[in-house]
1. Taking a point 7 angstrom from the Cα of Asn104 along the C-beta vector, which residues in the stretch 40-73 have backbone N less than 12 Å away?
2. Can you quote the Å³ per residue value for the convex hull of the Cα atoms in the chain, rounded to an integer?
3. Using a 7 Å offset from the Cα along the Cα-to-Cβ direction at both Lys262 and Glu21, what is the distance between the two label points in nm, to one decimal?
4. Hey, quick one: spin label on Glu233, modelled 7 Å out along Cα-Cβ, who in the stretch 184-218 has an amide N within reach, i.e. under 17 Å?
5. Roughly speaking, what is the stretch gain from Asn134 to Ser186, that is 0.36 nm per residue apart minus the C-alpha to C-alpha distance, in nm to one decimal?
6. Could you sort 219-225, 201-207 so that the peptide with the highest average Cβ count within 10 Å comes first and the rest follow in order?
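Read the figures in this text as sums done on the coordinates, not as results from a lab. Because the structure is a prediction, the values reported are computed rather than measured. Here Cβ is always computed from backbone atoms with ideal geometry, including for glycine, and neighbour counts include all displayed protein chains.
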Amino acid sequence: MQKFSLHTHTLGFDGQQTELEMLQQAEALGWSHIGISNHFIVHPNIKKSPMYYYAEKGNYAAIYSESFDEAVSKFASHYQRIDEINQTSKIKILKGMEVDYFDNDNWRDGFAKAIAYLKPDYVIGSAHFVERQNILYNSHDVRTASQVEQNWMLHRYWQNVRAAAGSNLFNFMAHLDLLKKVNLGSSAEWLDDEQKTIDIIKESGMAIELNSSAFKFCAEPYPSKRIMQMAGEADIPVIISDDAHKSAQLGSYFEQTEEMAKNCGIKKFLTPCDIMERRLNHKLPSKLLINSRNRF
Ligand SMILES: [Zn+2]
Ligand SMILES: [Zn+2]
């Protein structure tokens, strides 16, 4: 069974325990690695979006930033704590981030600068939102939208996943069919979007995550069995994640996920070293190098 997870969250973002507590549990489990990948979500209108009110109420609004400066300062102190722990720990915490991709030049430029400054060990691509007229809608907003809007949003969701997967900015893609969380996207209508997404992932040489946290509410990980079968046929490499928000969740449902993946024809299970070897396109755009204001 896989003895690591690269997709976990900690206190100060939306996790419930410290970096050290997560590491101690990983050591207790006899793991080879643990990576911490808090949310890196930057959008100028994030605080004007409907879900922000609930995030404040639920005390996890820290995962949202209006600017790259704001996100970078949160990550700088978090990574500094990891560096300090790593000086004496047996296994080293890998520095990751779970990044929401927004498909525009301003976002890509800001992200490139943030990466150049923070130097994470790996970055996970994700889509938790559908952007519409510069406002972000999360899965619960999509669930409560009218039928026509919901269909538009679901298509938009998959487009964004494909744009992220094809961007070559990420080491692997998180929870492909996240909208399953609100019981959306499982009808045959979405097979075409799913297959197109798998095709782009294949073309770009990308890996996907099998996220075991979906077992908490359904009998499969993200993505679904049918997407895992597409991934198996395309010979796409995978990594299993728990998306742990507390130490007790580390490694949960890993056996079931691995067994189901093998039954779906998945053969390539990657190690953290495989993941970090992937060459990404994190070069700063040339205009930024010339006019760099180095705000971070
Ligand atoms: Zn996520
Ligand atoms: Zn996560």
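1. 43-46
2. Working: hull volume 37.2 nm³, N = 296.
Hull volume normalised by residue count: 126 Å³.
3. Label-label distance for Lys262 and Glu21, simple model: 3.4 nm.
4. 187-203
5. Numbers: separation 52, 0.36 × 52 = 18.72 nm, distance 2.71 nm.
The span from Asn134 to Ser186 would gain 16.0 nm if fully extended.
6. 219-225, 201-207
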